[in-house]
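Structure first, commentary second.
The values are calculated or read from the model by the stated rules, or taken from the named source; none is laboratory data. From a predicted model like this one, the values you see are computed outputs, not experimental measurements. Counting neighbours? That spans all protein chains shown, and the Cβs are built from the backbone with ideal geometry, glycine included. Accessible surface areas use protein heavy atoms only, side chains included; no ligands, DNA or RNA. Shrake-Rupley method; radii C 1.70, N 1.55, O 1.52, S 1.80 Å.
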Amino acid sequence: MKDLANRRLIHSVKSQVQWPAWLSSVGVRPDRRWQRVLFDRSHMAIDAAVAGMGIVLESDFMMWRELRDGALVCPAIDPPEVMLVTQWIVCPHDHLRHAKVRAFIDWLRKEREIWSVASRPLSRLRAAEPN
């Protein structure tokens with residue numbers, strides 16, 4: 001895994017886990033600033049990896065087709081698993097006063113608790129490079 005720090009790393013800047021944190025979690029401390037390319041969308045980062053531009057750190061959920069089809073493979077023999085469950089709800093702030101919106105948010109919170117108890121991760125983060 002130490003070789004990863006010497007490869008071009010593709011960053012999906014909106015990802016919850018970034019390369020420095022992932023590399024640190026596996027005990028890799030780059031001795032120099034690494035080559036990198038930044039994208040603000042996951043699909044762009046994944047497409048760049050498929051095109052051979054480097055190694056992407058992205059969710060299995062986002063790149064399942066590329067992994068299934070063999071366009072991307074995990075470059076590490078025993079990579080750490082990073083489990084994330086993320087939920088977002090977005091609405092105009094003034095809508096939070098509406099009873100229907102509040103009821104919906106309350107329902108979502110109850111569902112989140114059910115998911116937390118079941119502890120079924122929806123997605124794993126994985127490093128992947130072209131096959």
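Out of all the residues in the stretch 47-66, which are in contact (Cβ under 8 Å) with a residue 12 or more places away in the chain and closer than 17 Å to PRO79 by Cβ? Within the stretch 47-66, ALA49, GLY54, ILE55, VAL56, LEU57, GLU58, SER59, ASP60, PHE61, MET62, MET63, GLU66 qualify.
Once the stretch 94-105 is narrowed to residues that are surrounded by 10 or more Cβ atoms within 10 Å (Cβ to Cβ) and not aliphatic (A, V, I, L, M), the residue that is farthest from the chain's Cα centre (by Cα) is HIS98. Reported count of residues in the stretch 25-52, each being open to solvent by less than 70 Å² (accessible area, probe 1.4 Å), within 12 Å of ARG8 (Cβ to Cβ) and in a loop (DSSP other than H, G, I, E, B), is 2.
Filtering the stretch 53-70 to residues that are of a type outside the set (D, E, K, R) and not in a loop (DSSP other than H, G, I, E, B) leaves ILE55, VAL56, LEU57, SER59, TRP64, LEU67. Scanning the stretch 53-84 for residues that are surrounded by fewer than 17 Cβ atoms within 10 Å (Cβ to Cβ), β-branched (Val, Ile, Thr) and at pLDDT 85 or above turns up just one, VAL73.
Among LYS110, LYS2, which is the only one that is modelled with pLDDT of 80 or more and open to solvent by 40 Å² or more (accessible area, probe 1.4 Å)?
Working: LYS2 fails: modelled with pLDDT of 80 or more.
So the residue among LYS110, LYS2 that is modelled with pLDDT of 80 or more and open to solvent by 40 Å² or more (accessible area, probe 1.4 Å) is LYS110.
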